[in-house]
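For reference, the structure discussed in these notes is given below.
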Amino acid sequence: MTSLKGKKNRPRIIKPVQKRSIETRNRIINAAKKLFAEKGFDDTNTNLIASQSGLSIGSVYAHFTNKWEIFHTILENFSLEVFEYLKESINDITKDRITLNEAIELLVHGLYKAHMLNGQLNAEIAKFILKDPEAGKIRSAWEQKMNREIIRLIAHFGSHVKIENVEIGITVVHRSAHEVFQYLYKNKDQVDEKAILKEFITMLQRYLNG
């Protein structure tokens, strides 16, 4: 009989087919992200995605049913990345001795930087969600997870936060941040980016401090 200890010591072997499958899937997703950001969802099709990824159309359909499914996957992955950043940042904030105002400034700058790296894709995601109920459900589910993390942050600062309804307050902040970030992305060469971001942070600090 093989001992449990022997099983634990065995190296985990990933079958080549599985590894190739993951790599191919990632190539499709990365190619689609680029095309959706540059051309938009409506003007992107699976043939373009196949060409951009250097794969056959058959390879694309072996992994995804259609471009809608690819976009859903991109939305899931992107939402997960933002959630993980938010969670890790809040973990750091709750460990360090920083003020509520400092925490707000840290989070806004970090989330803004992440938004700017994917600004055009964010704009396409926002449009896509309006016409696709499934995408709306995906975004809503991730927003709920993010809101729970922000509630955890607010609980950490306790009485320092002066808002009457925490859940509604978080929704207002969340939506406001998205609109400000997207406005700055679209007009970054025509407006004072730093001044607007600073004013937005000051507004949030005043709002949350009552």
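The values are calculated or read from the model by the stated rules, or taken from the named source; none is laboratory data. The shown structure was predicted, so the numbers you read here are calculated from the model rather than taken from an experiment. When we count neighbours, we look across all protein chains shown, and the Cβ atoms used for this are built from the backbone with ideal geometry, even at glycine.
A few points about this structure:
- Test result for residue 36, in contact (Cβ under 8 Å) with a residue 60 or more places away in the chain, outside the structural domain of residue 111 (by TED's automatic domain parsing) and not in a helix (DSSP H, G or I): no
- Within the option set 87, 33, 19, being among the basic types (Lys, Arg), buried (at least 19 other Cβ atoms within 10 Å of the Cβ) and out of contact with any Phe, Trp or Tyr (no Cβ under 6 Å at 6 or more places or on another chain) holds for one residue only, 33.
- Comparison of 109, 72 shows that the only residue that is under 26 Å from residue 185 (Cα atoms), in contact (Cβ under 8 Å) with a residue 40 or more places away in the chain, in the same structural domain as residue 200 (by TED's automatic domain parsing) and surrounded by 14 or more Cβ atoms within 10 Å (Cβ to Cβ) is 72.
- For the condition surrounded by 13 or more Cβ atoms within 10 Å (Cβ to Cβ), touching a Lys or Arg at 6+ places or on another chain (Cβ under 9 Å) and not hydrophobic (A, V, I, L, M, F, W, C), residue 207 qualifies.
- Which numbered condition residue 55 misses (of (1) modelled with pLDDT of 95 or more; (2) under 18 Å from the mean Cα position of the chain (by Cα)): (2)
- Unique match (being in a helix (DSSP H, G or I) and within 9 Å of the chain's Cα centre (by Cα)) among 106, 80: 80
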